[in-house]
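First comes the structure, then the notes that go with it.
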Amino acid sequence: MKKWECTVCGYIHEGETPPDECPVCGVGPEFFKEVVEKEEKTLTQAVLEPDSVAAEKQSKPSFFRKMVMKHHLHPIAVHTPNGVLPLALIFLAIATMFGLASFEQAAFYSLVFVLINMPFVIVTGIIVWQDRYKGAKTKVFGLKIGGAIIVVATLLALLIWRLVEPGVAASPGRWTYLLICLVCVAGAGISGHFGGKLVFGSRKH
Ligand SMILES: [Zn+2]
């Protein structure tokens with residue numbers, strides 16, 4: 001049985017031919033390369049192209065790019081929206097149901113905090129997409145980017161509404177306001193779900 005490795009996400013497929021579509025990242029068969037159990041350079045190749053020369057051929061990424069990839073800054077960055085947004089939703093739900101202004105304030109500051117962090121989340125995400133996943137334009141990456149757009153758009157809508165109408169959580173529009181917050185959490189959930197699939201989906205265990 002031959003083995004084929006997805007060059008975008010690292011998924012290993014066993015079979016005579018590569019799959020029509022990678023089950024993890026969605027790229028086509030042209031992105032699969034056959035896994036050769038022991039890849040040894042011929043003597044001529046080794047002499048002509050020592051590893052150091054081969055490495056230098058690749059363009060050098062910037063310091064920030066290296067930091068992002070080496071220290072996994074994207075998964076670290078996404079903890080802010082993924083952790084704080086559900087909490088903000090709970091605070092806002094309590095404020096909406098029981099008319100508690102302090103909970104509404106807690107929700108407001110949580111949303112501001114997440115919005116400030118979103119550029120970092122998006123920039124690190126784009127770097128990982130381009131470096132590790134070759135900027136592959138498949139559904140899974142489209143959904144991740146879509147999730148981020150939903151988060152930013154709904155955050156802006158919530159915060160602008162709050163600035164225009166400070167008492168929104170006690171106004172007749174409060175259920176719509178809460179619904180927008182729910183959509184915001186769902187956007188983060190979509191991006192997080194597919195991020196988890198990309199990172200853990202190619203593992204056997
Ligand atoms: Zn793949």
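Would you please list the contacts, defined by Cβ atoms under 7 Å and residues six or more apart or on different chains, that run from a residue in region 122-139 that is on the phi > 0 side of the Ramachandran plot to a residue that is within 16 Å of the ligand (Cβ to nearest atom)?
What qualifies is K134/V8; G135/W129.
Yes/no per residue for (1) in contact with a Gly (Cβ under 8 Å, 6 or more places away or on another chain); (2) among the aromatic types (F, W, Y); (3) in the same structural domain as L89 (by TED's automatic domain parsing); (4) within 30 Å of K70 (Cβ to Cβ):
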position	(1), (2), (3), (4)
I127	no, no, yes, yes
L156	no, no, yes, no
V164	no, no, yes, no
V168	no, no, yes, no
C181	no, no, yes, no
G187	yes, no, yes, yes
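Would you confirm whether any residue within region 173-187 is in a helix (DSSP H, G or I) and either touching a Pro at 6+ places or on another chain (Cβ under 7 Å) or modelled with pLDDT under 95 (or both)?
Yes, there is a match, as at least one residue in region 173-187 is in a helix (DSSP H, G or I) and either touching a Pro at 6+ places or on another chain (Cβ under 7 Å) or modelled with pLDDT under 95 (or both).
Output the residues belonging to region 8-28 that are near the ligand (Cβ under 10 Å from one of its atoms) and either crowded, with 17+ Cβ neighbours inside 10 Å or at positive phi (or both).
Answer for region 8-28, where residues must be near the ligand (Cβ under 10 Å from one of its atoms) and either crowded, with 17+ Cβ neighbours inside 10 Å or at positive phi (or both): V8, C9, G10, Y11, H13, C22, V24, C25, G26, V27.
Give region 114-134 a look and list any residue that's more than 13 Å from the chain's Cα centre (by Cα) and loosely packed, with under 14 Cβ neighbours inside 10 Å, or say none. Spell out the reasoning first.
We begin by selecting, within region 114-134, every residue more than 13 Å from the chain's Cα centre (by Cα); these are 114-117, 131, 134.
Passing the criteria: only I116.
Looking at region 188-201, which of its residues are in contact (Cβ under 8 Å) with a residue 40 or more places away in the chain and out of contact with any Pro (no Cβ under 9 Å at 6 or more places or on another chain)?
Restricting attention to region 188-201, the residues satisfying the condition of being in contact (Cβ under 8 Å) with a residue 40 or more places away in the chain are 188-192, 194-195, 197-199, 201.
Of everything in region 188-201, those that are in contact (Cβ under 8 Å) with a residue 40 or more places away in the chain and out of contact with any Pro (no Cβ under 9 Å at 6 or more places or on another chain) turn out to be I190, F194, K197, L198.
Of all residues in region 135-156, how many are of a type in the set (G, A, S) and more than 14 Å from the chain's Cα centre (by Cα)?
So the count comes out to 1.
Among the numbered conditions (1) in contact with a helix residue (DSSP H, G or I) (Cβ under 7 Å, 6 or more places away or on another chain); (2) hydrophobic (A, V, I, L, M, F, W, C); (3) more than 20 Å from L156 (Cβ to Cβ), tell me where F120 comes up short.
Status for F120: all satisfied but (3).
Which residue, of V183, V199, is under 14 Å from P81 (Cα atoms) and hydrophobic (A, V, I, L, M, F, W, C)? Steps first, please.
Working: V199 fails: under 14 Å from P81 (Cα atoms).
Result of the check over V183, V199: V183.
Give region 1-38 a look and list any residue that's closer than 17 Å to K137 by Cβ, touching a residue at least 12 places away in the same chain (Cβ under 8 Å) and small (G, A, S), or say none.
The one that is closer than 17 Å to K137 by Cβ, touching a residue at least 12 places away in the same chain (Cβ under 8 Å) and small (G, A, S): G26.
The values are calculated or read from the model by the stated rules, or taken from the named source; none is laboratory data. Here the structure is a predicted model, which means the values were calculated and not measured. A quick note on method: Cβ atoms are made from the backbone with ideal geometry, for glycine too, and the neighbour counts reach across all protein chains shown.
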